[in-house]
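Comments concern the structure below.
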Amino acid sequence: MSQVKAFEKPLHPTDAMEESFYQEHIKVYPAAVNGTFRRIKWTILTIWLGLLVPLVWSFAPLLDVLRLGEPSATGLGVRVPVAAFVLLALAVAICASCIALAGGLLFLGLLAPHIARRLVGSGSSAVLPAAGLVGATLLLLADALAARLLPASEIPAGVMVTALGAPYFLYLLRRR
């Protein structure tokens, strides 16, 4: 009897593999687009951010020099094209890793630095941690607001962040 049951199993596990792929990647896509914490792989995100954020923070004095303008930064000995490339690569790496794991929820990464700069001034060593705190606070507020608005159905936090952040960006555009 065990021989008959062995023949009932599929010879190729492609169906199971396709279902696994669907469960892991395709089914997650709407959650990633809307932005939710339910499917984030926190260990991967922690490793990436644990490596990249301190590295970016170490460049805070360089950011302040670059804010003086290219001629002044060059006069102070900074190789501006190299510095800009390194900082851009680090920013892209941080954004890509966060968005790949959390989706559009990280729109607040564009919003938080603008608010932080208004709160603490323009020094990069103060803006970087303030932006992180502002972003975390905005995210918690958006998630709490989403849970309170429609308690029966959960609104993704990314949708709430976008709903709260879009008017602020319109305000910034209008102001300039």
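Summary table below
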| read-out | value |
| --- | --- |
| Selection count where residues are within 18 Å of Leu111 (Cβ to Cβ) and of a type in the set (D, E, K, R), scope segment 121-167 | 1 |
| Count of residues meeting criterion [among the small types (Gly, Ala, Ser) and exposed (fewer than 10 other Cβ atoms within 10 Å of the Cβ)] in segment 143-176 | 2 |
| Scan of segment 59-79 for residues that are surrounded by 15 or more Cβ atoms within 10 Å (Cβ to Cβ) and among the aliphatic types (A, V, I, L, M), ordered by number | Ala60, Leu62, Leu63, Val65, Leu66, Ala73, Val78 |
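Every number here is computed from the coordinates shown, using simple stated rules; none is lab data. Note that the structure is predicted; figures quoted are calculated from it, not measured. Using ideal geometry, Cβ is built from the backbone for each residue, glycine included, and neighbour counts are taken over all protein chains shown.
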